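Single-structure report; data block below.
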Amino acid sequence: TVTVDYATTGVGTATPGVDYTMVSGTVTFRPGETLKTVTIPVLNDALVESAETFGFAIDNVTGGAELRAPRTATVTVLD
């Protein structure tokens, strides 16, 4: 069993609480599992905007697993 902490970050052009909801938590991988889904709510507003971005990061991998993925990513919100 492996656990990984995740969180959105305020890095980017999107505004937390206006364009998306910040989330954080921990996902648990049971033996044999290789994929998990994290839901990040995108908020609808009346503004016409160009694409905006925010960050997503993982950290604190426990359970003796070797992480073979980037620890940060940029998420793009398209209007």
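The values are calculated or read from the model by the stated rules, or taken from the named source; none is laboratory data. Quick caveat, the model's predicted, so the values are computed rather than measured. Note: ideal-geometry Cβ built from the backbone for every residue, glycine included; neighbour counts use all protein chains shown. Only protein heavy atoms, including side chains, enter the accessible area calculation; ligands, DNA and RNA are left aside. Shrake-Rupley method; radii C 1.70, N 1.55, O 1.52, S 1.80 Å.
The rows are residues; the columns are (1) assigned to a loop (DSSP other than H, G, I, E, B); (2) acidic (D, E); (3) touching a Lys or Arg at 6+ places or on another chain (Cβ under 8 Å).
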position: Y6; (1), (2), (3): no, no, no
position: G25; (1), (2), (3): no, no, no
position: L35; (1), (2), (3): yes, no, no
position: V38; (1), (2), (3): yes, no, no
position: L47; (1), (2), (3): yes, no, no
position: G55; (1), (2), (3): no, no, no
position: D59; (1), (2), (3): no, yes, yes
- request: Please verify whether the stretch 10-20 includes one or more residues that are surrounded by 13 or more Cβ atoms within 10 Å (Cβ to Cβ), touching a strand residue (DSSP E or B) at 6+ places or on another chain (Cβ under 6 Å) and not in a loop (DSSP other than H, G, I, E, B).
  value: yes
- request: Kindly list, by first and then second residue, each pair from a residue in the stretch 61-79 that is within 18 Å of V38 (Cβ to Cβ) to a residue that is loosely packed, with under 11 Cβ neighbours inside 10 Å, limited to pairs with Cβ atoms under 9 Å and residues at least 6 apart or on different chains.
  value: T76/A51; V77/A51
message: Just to be sure I understand, how many residues within the stretch 33-73 are open to solvent by less than 90 Å² (accessible area, probe 1.4 Å) and modelled with pLDDT under 90?
response: 6
- request: Looking for whichever is under 12 Å from the mean Cα position of the chain (by Cα) and among the polar types (S, T, N, Q) here; the options are T3, T34, T39, T15. Which one fits?
  value: T39
